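Dropping a structure here in structure tokens format, bear with me for questions.
The values are calculated or read from the model by the stated rules, or taken from the named source; none is laboratory data. The structure displayed is predicted, hence computed values, not measured ones. Cβ placement follows ideal geometry from the backbone for every residue including glycine, while neighbour counts extend to all protein chains displayed.
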Amino acid sequence: MSGSYTYTLTNGNGTPSTGTKSGAAFSLNVTTAGAGIQSFTLTVRDNNQSSTAAADVLVSSFPVPSLTNNGPISCTMTTVTLTASGGNSYTFTLGGTVVGSSGSANTLDVAVAGIYTVRVANESGCASTTTTTVTSNTAIPALTVSPTSATLTNANPSTTLTASGTGSLLWSTGQTTPMISVTTSGNYSVTLTNATGCTATASVPVVGSDLTITLDLPQANFAASGTAAVGNFVVNVFEVAGLPTSSGNVTITITAPVGYTLSFAPTLATIDVSGGGTVAVNNGQWTVTNRVAARQLTLTMNSGTFITGGGESSLGFSITRTTANSGSTASITVNVADDLTMTYDGNLANNVYARIISGL
């Protein structure tokens, strides 16, 4: 065939493709009517002569992709799942960057909000894309408390704490009302939870009971041995703010110098103070909770016992000189343990007392 000729290409559906060409070979881009096997017929005409050829073509379909997510991201659900369908190979991207691994897995957990795209391919290698938008709702709720701190006194032995914000409230006391009334010192916290599970927490320090401590030992000179090497003394724990401590929490630590040992009798009711008189003590209110080398004792009030407002609790001890040098001087120290929760001591500034003792 030489010169120009006309052609008609049809697959039996829609309008045939027609035109004029020259040369023995040419190509056409044809939009198919659908997927599956289609029969194409080409007819060429020149000088009232024609020639026809037919061929069957398998047309593969594009996948119909789907992509959903179970968001939004929230404080209680920090990841959401993307679920794709429509093919047998999936590639997820965010902002043009591949997320996860391409392959047959059609789900992906993500923790970042944004517009996600999935490329879905089928067995024929045809691919389509679609998108889904993952939103995030992780805003921290606004929480306010009033007052921001409070002090309990004899004149005002209780105070009201108020919390406000949108959502549900939970105080450290277990109460769920916006306002609570407190009568003991301590750090009171409140948590606000909004509809998406996000939380905000605030705390209010309430200062109340105040402990101070003294040590009564008039005769503080110790011989090297014998009865004169042993001394009895009293530690007094005073509440000076006029408010009771919490039950079973008060803790003190007493430390003897190197070369001396301490002893404490939990059943002791009275003690003969060295250089003083007989004194009633409350040893039965206390339990030794820690010992260090017989020189240091930590004691805590028993459950159900407390120091009343303006009251005191007294403890009797014995101290014995063991290896201390003659002529040496050192101090017995006693302190109220720092109460960071302020349930029994709202003032940490007056918690230590020291008494100098001498080795004869």
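To keep it simple, each residue is scored yes or no on (1) modelled with pLDDT under 85; (2) closer than 30 Å to L108 by Cβ; (3) not acidic (D, E).
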| residue | (1), (2), (3) |
| --- | --- |
| A25 | yes, no, yes |
| V44 | no, no, yes |
| S51 | no, no, yes |
| S60 | yes, yes, yes |
| G71 | no, yes, yes |
| S74 | no, yes, yes |
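Output yes when any residue across the range 342-355 is part of a loop (DSSP other than H, G, I, E, B), on the phi > 0 side of the Ramachandran plot and touching a Phe, Trp or Tyr at 6+ places or on another chain (Cβ under 9 Å), and no when none is.
Within the range 342-355, the subset part of a loop (DSSP other than H, G, I, E, B) is 342-347, 351.
From what is left, the residues that are on the phi > 0 side of the Ramachandran plot are 342.
In the following step, the residues that additionally are touching a Phe, Trp or Tyr at 6+ places or on another chain (Cβ under 9 Å) were identified as none.
No - not one qualifying residue is present in the range 342-355.
Which pairs turn up if I take residues in the range 40-66 that are under 12 Å from C126 (Cβ atoms) and look for partners that are among the aromatic types (F, W, Y) and part of a strand (DSSP E or B) with beta carbon separation below 9 Å, at least 6 apart in sequence or on another chain?
P65/Y90
Only one of S263, S274, S313, S326 is closer than 28 Å to T184 by Cα and among the small types (G, A, S). Can you tell me which?
Working: S263 fails: closer than 28 Å to T184 by Cα; S274 fails: closer than 28 Å to T184 by Cα; S326 fails: closer than 28 Å to T184 by Cα.
The unique qualifying residue is S313.
Out of G359, G310, which single residue is on the phi > 0 side of the Ramachandran plot and surrounded by fewer than 22 Cβ atoms within 10 Å (Cβ to Cβ)? Show your work before the answer.
Numbers: G359 fails: on the phi > 0 side of the Ramachandran plot.
Selected residue: G310, the only one of G359, G310 that is on the phi > 0 side of the Ramachandran plot and surrounded by fewer than 22 Cβ atoms within 10 Å (Cβ to Cβ).
Give the range 154-198 a look and list any residue that's buried (at least 16 other Cβ atoms within 10 Å of the Cβ), under 23 Å from V240 (Cα atoms) and over 24 Å from the mean Cα position of the chain (by Cα), or say none.
Of everything in the range 154-198, those that are buried (at least 16 other Cβ atoms within 10 Å of the Cβ), under 23 Å from V240 (Cα atoms) and over 24 Å from the mean Cα position of the chain (by Cα) turn out to be T159, V182, T184, S185.
What residue, of S246, S189, S225, S185, is closer than 30 Å to A324 by Cα and among the small types (G, A, S)? Write out each step before concluding.
On the way: S246 fails: closer than 30 Å to A324 by Cα; S189 fails: closer than 30 Å to A324 by Cα; S185 fails: closer than 30 Å to A324 by Cα.
Matching residue, one of S246, S189, S225, S185: S225.
Still on this structure, please answer the following. Inside the range 242-337, counting only strands (runs of 3 or more DSSP E) that do not spill past its ends, which hold 1 or more residues that are within 46 Å of the chain's Cα centre (by Cα) and without any contact (Cβ under 8 Å) to a residue 24 or more places away in the chain?
Details: elements: 251-255, 260-263, 270-272, 278-280, 286-292, 296-301, 312-321, 329-336.
Ranges flagged: 286-292.
Determine, yes or no, whether N232 is crowded, with 17+ Cβ neighbours inside 10 Å and either in the same structural domain as A324 (by TED's automatic domain parsing) or touching a helix residue (DSSP H, G or I) at 6+ places or on another chain (Cβ under 6 Å) (or both). Even if it seems obvious, please write down each step before you answer.
Numbers: crowded, with 17+ Cβ neighbours inside 10 Å: yes; either in the same structural domain as A324 (by TED's automatic domain parsing) or touching a helix residue (DSSP H, G or I) at 6+ places or on another chain (Cβ under 6 Å) (or both): yes.
Against the criterion (crowded, with 17+ Cβ neighbours inside 10 Å and either in the same structural domain as A324 (by TED's automatic domain parsing) or touching a helix residue (DSSP H, G or I) at 6+ places or on another chain (Cβ under 6 Å) (or both)), N232 qualifies.
Give me the residue from the range 8-39 that is within 30 Å of E123 (Cβ to Cβ) and among the hydrophobic types (A, V, I, L, M, F, W, C) and, out of that set, nearest to the chain's Cα centre (by Cα). Give the steps one after another, and end with the answer.
As a first pass, look at the range 8-39 and keep what is within 30 Å of E123 (Cβ to Cβ): 9-14, 17, 27-39.
Within this subset, residues satisfying the condition of being among the hydrophobic types (A, V, I, L, M, F, W, C) are 9, 28, 30, 33, 35, 37.
On the way: L9: 71, L28: 66, V30: 62, A33: 60, A35: 56, I37: 62 Å.
Restricting to residues being within 30 Å of E123 (Cβ to Cβ) and among the hydrophobic types (A, V, I, L, M, F, W, C), the top hit is A35.
Taking strands (runs of 3 or more DSSP E) that fall entirely within the range 1-109, which contain at least 3 residues that are aliphatic (A, V, I, L, M) and not assigned by TED's automatic domain parsing to the domain that holds G197?
On the way: elements: 4-10, 17-22, 36-46, 49-59, 66-69, 80-85, 89-94, 97-103.
In the range 1-109, 36-46, 49-59, 80-85 are the strands (runs of 3 or more DSSP E) which contain 3 or more residues that are aliphatic (A, V, I, L, M) and not assigned by TED's automatic domain parsing to the domain that holds G197.
Moving on to the next point. In the range 71-93, how many residues are surrounded by fewer than 17 Cβ atoms within 10 Å (Cβ to Cβ) and closer than 28 Å to C126 by Cβ?
Matching residues across the range 71-93 total 4.
One line per residue, one yes/no per condition, for (1) surrounded by 16 or more Cβ atoms within 10 Å (Cβ to Cβ); (2) at positive phi:
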position: T245; (1), (2): yes, no
position: V258; (1), (2): no, no
position: V281; (1), (2): yes, no
position: S314; (1), (2): yes, no
position: G327; (1), (2): no, yes
position: I332; (1), (2): yes, no
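Condition first: in contact (Cβ under 8 Å) with a residue 60 or more places away in the chain, under 30 Å from S102 (Cα atoms) and either touching a strand residue (DSSP E or B) at 6+ places or on another chain (Cβ under 6 Å) or polar (S, T, N, Q) (or both). Can you find one or more residues in the range 30-37 that meet it? Working first, answer last.
First, the residues of the range 30-37 that are in contact (Cβ under 8 Å) with a residue 60 or more places away in the chain: none.
For the range 30-37, residues in contact (Cβ under 8 Å) with a residue 60 or more places away in the chain, under 30 Å from S102 (Cα atoms) and either touching a strand residue (DSSP E or B) at 6+ places or on another chain (Cβ under 6 Å) or polar (S, T, N, Q) (or both): absent.
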